[in-house]
Amino acid sequence: MKKIKFLPLFILLLAFINCKEEKDVTFLIDRDSIGKLNRSSLARDIEIIFDNDSVVKDTVALKFGNGAQKIKIFEKGGKHLLTLTPTGDSIPMIENIRIEDPRYTTKDGVGLMSTFKDIKDNFTVKKVITSRKNVLILLKDSDAYFTIDKQELPSSLRYATSTNIEAVQIPDKAKIKYLMVGWN
């Protein structure tokens, strides 16, 4: 008789353990996905994937018949979400994604509104590439990469084009200019 009394409690406990809170992945940047888009998505399926959004293809590229050079995704209402660049393959897939909306973040919360400190705290910096106006931050074990405007750097580093900038020279408070993901 004692076993029967504990059976409903046991079933309730089991149900509670199995009920997991579903996480909204609409704006999640993961290793193989960015929101609804995933690594194996074909460029021709973008309008299906983003069926509730507006898809704008680069008309210059369409004019020459070689497919879109850029595909821009806008939320209904006009907010720019993503800019996609397809591969030049016979069956084009998505090669590069530029994150345009600050709601897109990694599982650790790193996104367009983050700083270089947030990048360092959540990722391992593989390499820093210096260009004329920007610094590109490549990450170890991630397809995401960040661009920081040189205006965020100390004045001694802003105008030096031949100087290779190291990660330790970038201030923690430096803001992210661009967040990109490259799938190749």
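Rule-based calculations on the coordinates, nothing more; no lab input. As the structure is a computational prediction, the values presented were derived from the model and not from experiment. Because the Cβ atoms are built from the backbone with ideal geometry, glycine has one as well, and the counts that use them run over all protein chains shown.
Can you tell me which of GLY109, GLY78 is of a type in the set (Gly, Ala, Ser) and either surrounded by 15 or more Cβ atoms within 10 Å (Cβ to Cβ) or closer than 18 Å to ASP51 by Cα (or both)?
Exactly one of GLY109, GLY78 is of a type in the set (Gly, Ala, Ser) and either surrounded by 15 or more Cβ atoms within 10 Å (Cβ to Cβ) or closer than 18 Å to ASP51 by Cα (or both), namely GLY78.
Name every residue in the stretch 126-142 that is within 17 Å of LYS177 (Cα to Cα), in contact (Cβ under 8 Å) with a residue 24 or more places away in the chain and not basic (Lys, Arg), in order of residue number.
Within the stretch 126-142, VAL128, THR130, ASN134, VAL135, ILE137 meet the criteria.
Yes/no per residue for (1) surrounded by 18 or more Cβ atoms within 10 Å (Cβ to Cβ); (2) among the aliphatic types (A, V, I, L, M); (3) at positive phi:
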| site | (1), (2), (3) |
| --- | --- |
| THR115 | yes, no, no |
| LYS120 | no, no, no |
| VAL125 | no, yes, no |
| ILE129 | no, yes, no |
| ILE137 | yes, yes, no |
| ASP141 | no, no, yes |
| LYS150 | yes, no, no |
| PRO154 | no, no, no |
| LEU157 | no, yes, no |
